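Before any comments, here is the structure.
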Amino acid sequence: MMQKSDKDELILKVLDGVATPDEIQALARWMETDPSNEVYFNQLKKAWNLTSGPIPSEERVEHELGNYMKYIRSKRRKFLLG
Amino acid sequence: MDGNSEQLITELREGREKAFTQVFRMYYGPLLNYAGRILKDVELANDVVQECFCRLYERRKEIKRGFQVRPYLYRSVYNSCMDAIKHQKVENNYINQELLDFYFSKVVETPEAEQALLDEDLKGAIQAAINKLPERCREIFVLSKVDGLSNKQIAEQLNISMKTVEAQMTTAFVRLRKELGWLLCFIFIQNF
């Protein structure tokens, strides 16, 4: 049986969304073979979730907030006119 | 800051700009991060999150006492992300129903699990774990996860191969998992 650490790269590929169908299938099969494999997967998934994903700059947040306010005001205007 | 105070809920129902601004500032960043991880596309994630905030405004009159902003927004973003990926790349990569089921049940982070992670407030522990990474590994990890560079951009900036970047990222995650292991084990037990 393969060591769990051999699966790290495969797990991260699936989490990153760059795995092929065959690789995804391989991971699904591996997780089914032993409940501890799924526990291992979930731990790595948590580490990945805690440390991945975009973090917007303050400027970006303010810019997007501006867009949101524009939307709200456009709705209100429509309401007043309607 | 409390996102569920009775006053805030009332102001949301009344359509006060101040209340919607407060909610946006509180949740836009974490929701973008969450949607970005599911969709692997920042601009698409931004569209999804903006739409969810717009829907909150549209449906403000339905807001009742005891309404909880955060669970509503996370569920809303999750549902929109599911709609978006069912129509795009996942379909190509997860050709059969079995793989799709696997993806949605095991790979995609549910809004409940995501909020449980946020409540654990692990930022300090994560930062400490990142600081313990070997220097080169940490540099690449930070460029990727904090500065949001793609592997290709990192390879170009540091003048190294894509393979090296990928290998270093794998090392980073594996070491983080080990470092955070006891912590993650603990969360795992709590959540399930």
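The values are calculated or read from the model by the stated rules, or taken from the named source; none is laboratory data. Quick caveat: nothing in here was measured; it's all calculated off a predicted structure. A quick note on method: Cβ atoms are made from the backbone with ideal geometry, for glycine too, and the neighbour counts reach across all protein chains shown. The area values use the complete protein model at the heavy-atom level, side chains included, leaving out ligands, DNA and RNA. Shrake-Rupley method; radii C 1.70, N 1.55, O 1.52, S 1.80 Å.
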Over the range B:15-25, the set of residues free of Cβ contacts under 8 Å to residues at least 40 places away in the same chain and either more than 9 Å from chain A (Cβ to nearest Cβ) or crowded, with 19+ Cβ neighbours inside 10 Å (or both) is B:Arg16, B:Lys18, B:Ala19, B:Phe20, B:Gln22, B:Phe24
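Just give me the residues in the range A:39-60 being of a type in the set (Lys, Arg) and more than 7 Å from chain B (Cβ to nearest Cβ), in sequence order.
Quick first cut of the range A:39-60, residues of a type in the set (Lys, Arg) only: A:45-46, A:60.
Passing the criteria: A:Lys45, A:Arg60.
Please work out if B:Glu112 is among the charged types (D, E, K, R), under 22 Å from A:Phe41 (Cα atoms) and modelled with pLDDT under 85. Even if it seems obvious, please write down each step before you answer.
Working: among the charged types (D, E, K, R): yes; under 22 Å from A:Phe41 (Cα atoms): yes; modelled with pLDDT under 85: no.
Spelling it out, it is not the case that B:Glu112 is among the charged types (D, E, K, R), under 22 Å from A:Phe41 (Cα atoms) and modelled with pLDDT under 85.
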Residue pairs meeting the criteria (Cβ under 8 Å; at least 6 apart or on separate chains; first open to solvent by 30 Å² or more (accessible area, probe 1.4 Å), in the range B:154-177; second among the basic types (Lys, Arg)): B:Met162/B:Lys152; B:Gln168/B:Arg136; B:Arg175/B:Lys132
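Here is a check on your reading of the model: is B:Val77 away from every other protein chain (no Cβ under 11 Å), of a type in the set (Val, Ile, Thr) and more than 27 Å from B:Thr170 (Cβ to Cβ)?
yes
So, in the range A:39-72, how many residues would count as being charged (D, E, K, R), at pLDDT 95 or above and surrounded by fewer than 16 Cβ atoms within 10 Å (Cβ to Cβ)? Talk me through it step by step, then tell me what you get.
Just the residues of the range A:39-72 that are charged (D, E, K, R), to begin with: A:45-46, A:58-60, A:62, A:64, A:70.
Okay, now just the ones that are also at pLDDT 95 or above, so A:62, A:64, A:70.
Next, only the ones that are surrounded by fewer than 16 Cβ atoms within 10 Å (Cβ to Cβ) stay: A:62, A:70.
Total meeting the criteria: 2.
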Would you confirm whether or not the range B:88-98 contains a residue that is hydroxyl-bearing (Ser, Thr, Tyr) and not in a helix (DSSP H, G or I)? yes
Condition set open to solvent by 60 Å² or more (accessible area, probe 1.4 Å) and more than 8 Å from chain B (Cβ to nearest Cβ), scope the range A:5-38, selection modelled with the lowest pLDDT: answer is A:Asp6
Taking B:Asp83 as the residue in question, decide whether it is open to solvent by 50 Å² or more (accessible area, probe 1.4 Å) and at pLDDT 95 or above. no
